[in-house]
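Q: Dropping the structure in here first, questions after.
The values are calculated or read from the model by the stated rules, or taken from the named source; none is laboratory data. Nothing here was measured: the structure is a model prediction, and the numbers come from that model. FYI the Cβ positions are ideal-geometry reconstructions off the backbone, even for glycines, and counts take in every protein chain you see.
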Amino acid sequence: MSVLAPGRNIVLLGLMGAGKTAVGQLLAQRLGRPFTDTDGMVEARARMPVAEIFASEGERGFRRREGEAVRQASALRGQVIAVGGGAVLDPANVTHLRSTGDLVWLAASVEALAQRIGDDPGPARPLLSAGGDVTERLAQLKAEREAAYTAASSAVIDTDGKTPDDIAEAVLEWVRTRPGVLTKQELRA
């Protein structure tokens with residue numbers, strides 16, 4: 001196992017619009033850890049945006065690529081990792097993520113997610129840009145994924161009505177209670 005830093009990874013999961021990237025970047029900055037976004041890894045390796053991957057390879061092709069990114073990200077410790085909203089639907093991804101990290105579900109109501117995303121999700125969110133009502137599609141995704149988020153996560157942070165700073169602080173409060181996640185130096189920060 002490779003080590004970037006001795007602490008376990010902090011893995012953020014949740015639906016699109018939950019704040020995984022913004023909160024992950026804040027946590028990484030506060031802890032002095034690298035930030036890894038598995039969707040970003042997929043895009044970099046494919047040399048195309050997620051929307052193009054969905055268009056050319058379908059969701060199955062994207063999920064295959066996502067699994068590779070999760071395995072790669074999970075091979076190192078001491079990071080803050082944001083995973084795509086559907087990553088936890090594959091039990092192998094959850095196993096890899098848990099091997100070096102603690103999973104935190106950034107939970108949000110459908111209304112809050114829809115407000116954050118807006119009426120036009122754009123091409124960056126291919127599961128929402130297929131047409132139809134964004135709120136209805138988010139509700140459907142939440143219903144499909146809620147059990148997987150519950151089963152995978154060690155903690156649930158409610159993000160409704162909170163700023164990214166507030167959410168990052170709530171995650172930090174939780175990880176401070178988890179042995180092995182933070183180093184002694186990080187605990188003092």
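Q: What is the residue count in region 142-168 for residues that are over 15 Å from the mean Cα position of the chain (by Cα) and surrounded by 17 or more Cβ atoms within 10 Å (Cβ to Cβ)?
A: Total satisfying the criteria: 1.
Q: Any idea how many residues of region 6-41 are part of a helix (DSSP H, G or I) and either without any contact (Cβ under 8 Å) to a residue 40 or more places away in the chain or surrounded by fewer than 21 Cβ atoms within 10 Å (Cβ to Cβ) (or both)?
A: As a first pass, look at region 6-41 and keep what is part of a helix (DSSP H, G or I): 20-31, 38-41.
Retained after the next criterion (residues that are either without any contact (Cβ under 8 Å) to a residue 40 or more places away in the chain or surrounded by fewer than 21 Cβ atoms within 10 Å (Cβ to Cβ) (or both)): 21-22, 25, 28-30, 40-41.
Residues meeting the conditions: 8.
Q: Among the listed residues GLU57, GLU66, identify the single one that is more than 30 Å from GLN185 (Cβ to Cβ) and more than 13 Å from the chain's Cα centre (by Cα). Even if it seems obvious, please write down each step before you answer.
A: Values: GLU66 fails: more than 13 Å from the chain's Cα centre (by Cα).
From the options GLU57, GLU66, the qualifying one is GLU57.
Q: Look through ALA112, ALA92, ALA168, ALA148 and report the one residue that is within 15 Å of GLY19 (Cβ to Cβ), assigned to a helix (DSSP H, G or I), modelled with pLDDT of 95 or more and not aromatic (Phe, Trp, Tyr). Write out each step before concluding.
A: Working: ALA112 fails: modelled with pLDDT of 95 or more; ALA92 fails: within 15 Å of GLY19 (Cβ to Cβ); ALA148 fails: within 15 Å of GLY19 (Cβ to Cβ).
Selected residue: ALA168, the only one of ALA112, ALA92, ALA168, ALA148 that is within 15 Å of GLY19 (Cβ to Cβ), assigned to a helix (DSSP H, G or I), modelled with pLDDT of 95 or more and not aromatic (Phe, Trp, Tyr).
Q: Suppose we filter region 42-79 for residues that are crowded, with 17+ Cβ neighbours inside 10 Å and either touching a Leu at 6+ places or on another chain (Cβ under 9 Å) or outside any helix (DSSP H, G or I) (or both); how many remain?
A: Looking only at that region, the number is 9.
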